[in-house]
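One structure below.
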Amino acid sequence: HDPELVILDEPFSGLDPVNMEVMRDTIRSFKQNDRTVIFSTHVMAQAEELCDFIFLIHKGQKVLDGPLSEVRSGGDHGIKIDYDGDGSILHRLPGVERVNDAGKHAELFLEPGRDPQDILRELVGKLTIRRFDISEPSLHEVFFRAVGGHQHVVETEVRS
């Protein structure tokens, strides 16, 4: 068989790590041979690793679609920093929505449209910056932002 189109529904579900790698290699082989592979997954990291084009669905409706590079670049940047000094300033920076601060290492999530260079300018002279990395959002972050964040998580009641 040499199909032009391959459709896979959750192809990694239930596989052990060895067979997951076999499946990855199989999908990559189809791509290298100019075959179209469509697969569904709930694991965004798998989509980022293997897909060129993304079609995100939430509650049966299309949320967004496009080439992976465009979908990710359309999101807002994050910043990873290593620093010395009083990290409490990170929580008061204008344009920062959320901070994951582990003391000396932090990840900043910026408001939509915020320029990471503005954050760097704000920090100069207030902290010693050892590393300042600007990153595109992961597909997981893009999805959560597109569906309104964690407010759509369904609460369930467990009964005994």
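Residue-wise test of (1) of a type in the set (A, V, I, L, M); (2) more than 29 Å from residue 131 (Cα to Cα).
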site	(1), (2)
32	no, yes
50	yes, yes
54	yes, yes
79	yes, no
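Looking at segment 55-66, is at least one residue buried (at least 16 other Cβ atoms within 10 Å of the Cβ), small (Gly, Ala, Ser) and in contact with a strand residue (DSSP E or B) (Cβ under 7 Å, 6 or more places away or on another chain)?
No: zero hits.
Scan segment 24-49 for residues that are within 14 Å of residue 7 (Cβ to Cβ) and not basic (Lys, Arg) and jot them down.
Going residue by residue through segment 24-49, those that are within 14 Å of residue 7 (Cβ to Cβ) are 26-27, 30, 35-41.
Scanning segment 24-49 gives 26, 27, 30, 36, 37, 38, 39, 40, 41.
Does any residue in segment 26-38 that is over 19 Å from residue 55 (Cα atoms) come within less than 9 Å, Cβ to Cβ, of a residue that is of a type in the set (Asp, Glu) six or more places away or on a different chain, and which pairs are these?
Every condition considered, the pairs that remain are 33/2; 34/4.
Give me a count of the residues in segment 1-19 that are at positive phi and either in contact with a strand residue (DSSP E or B) (Cβ under 8 Å, 6 or more places away or on another chain) or surrounded by 11 or more Cβ atoms within 10 Å (Cβ to Cβ) (or both).
Of the residues in segment 1-19, 1 are at positive phi and either in contact with a strand residue (DSSP E or B) (Cβ under 8 Å, 6 or more places away or on another chain) or surrounded by 11 or more Cβ atoms within 10 Å (Cβ to Cβ) (or both).
Please go through segment 114-152 and give me each residue that is exposed (fewer than 14 other Cβ atoms within 10 Å of the Cβ), touching a Gly at 6+ places or on another chain (Cβ under 9 Å) and touching a residue at least 60 places away in the same chain (Cβ under 8 Å), ordered by number.
None - no residue of segment 114-152 is exposed (fewer than 14 other Cβ atoms within 10 Å of the Cβ), touching a Gly at 6+ places or on another chain (Cβ under 9 Å) and touching a residue at least 60 places away in the same chain (Cβ under 8 Å), so the list stays empty.
Any idea how many residues of segment 20-48 are loosely packed, with under 13 Cβ neighbours inside 10 Å and not in a strand (DSSP E or B)?
9
Residue 119 versus (1) at pLDDT 90 or above; (2) hydrophobic (A, V, I, L, M, F, W, C); (3) closer than 29 Å to residue 14 by Cα: which is the lone unmet condition?
Going through (1) at pLDDT 90 or above; (2) hydrophobic (A, V, I, L, M, F, W, C); (3) closer than 29 Å to residue 14 by Cα one by one, residue 119 breaks only (3).
When both residues are 6+ apart or on different chains and their Cβ atoms are under 8 Å apart, which pairs have a first residue that lies in segment 85-113 and is exposed (fewer than 11 other Cβ atoms within 10 Å of the Cβ), and a second that is outside any helix (DSSP H, G or I) and hydrophobic (A, V, I, L, M, F, W, C)?
86/127
The values are calculated or read from the model by the stated rules, or taken from the named source; none is laboratory data. Values in this document were obtained by computation on a predicted structure and should not be read as measured data. Don't worry about glycine lacking a Cβ; one is built from the backbone with ideal geometry, like all the others, and counts go over all protein chains shown.
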